[in-house]
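**Q** The following block contains the structure, expressed as structure tokens.
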Amino acid sequence: MRVLSAGEVLRLWDECRDASPDGRALALAAAVDGGTGFAGLADRPVGRVTALLLRLRTALSGPEMSATVTCPDCGQAVEFQTATGPLLALEDKVVDSPQPLLHGGYEVTWRCPSYGDLLAVAEQSGAEDPDRGAALLLDRCVQRVRHEEGTAPVAAADLPVAVCEALSDAMSAADPLADVLVDLRCPDCGVQFTACFDAAAFVWAEVESRARHLLLDVDALARSYGWSERDVLALSEPRRAAYLRIVTGELP
Ligand SMILES: [Zn+2]
């Protein structure tokens, strides 16, 4: 995977600040991808994008991750540790072209949800109506339905609940990185719960943090030496750090 230069990190931060979370995830993944590009990634299973984001995170800050979620029972912050390696190993299980689902007399041809689907559904349903969002997502990802006793195609919205549940299970199995679930226990109230680790939000927070530090570096060196932003960003990280230590008096 390509490692981003300091200038690219700042450019990404600049471009993605005002984007939606889904649009931002795609832009970050496209920046480290070997050439599939934004549009190509938008059509792939969500987990393929998650894997690229985890690789970006490894390149930026290493594999170990410490994250925080809110306990659903008492509201306390619960910290947990995870790592990019075991999550990236799940990418081998992502199925780009799944087999049709056979359940209850139905044959359902389907595909895994992509970021393109998530963006389209968010545009149509708004963030306030998760039920409508789920129905729209199902409609987009179900390509064809046939029932063994009928010749006419069946609409995704007319599928029985049991078939929809089987399809949901099949989608989770075919894209285990679409939702990264972590089993946790709250140290304050003791309740056990499952949290969803939002890899895209986590990586974006790190890009923001990296960009803030770079801006401070540029500011300090521009003031001291009169260098331009381009001059400072062109320095290797060790040289930039060495000049900063000279400026702050740590390196005589
Ligand atoms: Zn709790």
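Taken together, the values in this text are just the output of simple stated rules run on the coordinates, not laboratory data. Predicted, not measured: the structure shown is a model, and the values here were computed from it. Please note: Cβ atoms are built from the backbone with ideal geometry, for glycine as well, and neighbour counts cover all protein chains shown.
**Q** Specify the angular offset, from 0 to 90 degrees and rounded to the nearest 10, of the alpha carbon long axis of helix 237-247 from the longest principal axis of the alpha carbons in the chain.
**A** It works out to around 40 degrees.
**Q** Taking Cβ-Cβ under 4.7 Å as the only way to count a partner, pick out the unpartnered cysteines of the chain.
**A** C16, C112, C141, C164, C196
**Q** Given the C-alpha atoms of the chain, compute the convex hull and give its volume per residue in Å³.
**A** 163
**Q** Please report the spacing between the Cα centers of the range 88-120 and the range 172-191 in Å, no decimals.
**A** Computed from Cα coordinates, the inter-centre distance equals 21 Å.
**Q** Which whole-number value in Å³ per residue fits the convex hull of the alpha carbons of the range 101-174?
**A** Roughly 85 Å³ of hull volume per residue.
**Q** Another question, then. I need the peptides 191-203, 53-65 ranked by packing, meaning the mean over residues of other C-beta atoms within 10 angstrom, with the highest value on top.
**A** Ranking, from highest mean packing down: 53-65, 191-203.
**Q** Something else now. What is the distance in Å between the Cα centres of the range 1-51 and the range 228-247?
**A** After rounding, the separation between the Cα centres reads 26 Å.
**Q** For the range 130-252, which semi-axes, largest first and in whole Å, follow from the square roots of 5 times the eigenvalues of its Cα gyration tensor?
**A** Whole-Å semi-axes of the equivalent ellipsoid: 54, 21, 11.
**Q** For the chain, what is the calculated [θ] at 222 nm in deg cm²/dmol (nearest 500), taking -39500 (n - 2.57) for each run of four or more DSSP H residues and dividing by its residue count?
**A** Counting only the DSSP helices, I get -16500 deg cm²/dmol.
**Q** Tell me the angle of helix 199-225 to the major Cα principal axis of the chain, expressed in degrees between 0 and 90 and rounded to the nearest ten.
**A** Taking the Cα atoms of the chain, the angle to 199-225 is about 20 degrees.
**Q** Please list, in order along the range 88-101, the HN-Hα scalar couplings obtained from phi with the Karplus expression 6.51 cos²θ - 1.76 cosθ + 1.60 (θ = phi - 60°), rounded to whole Hz, x for Gly and Pro.
**A** 5, 5, 6, 5, 4, 8, 6, 10, 6, 10, x, 6, x, 8
**Q** Once you've got the GNM for the chain with C-alpha springs shorter than 10 Å, pick whichever of R111, R48, R132 has the biggest mean-square fluctuation.
**A** Greatest mean-square fluctuation among the candidates belongs to R132.
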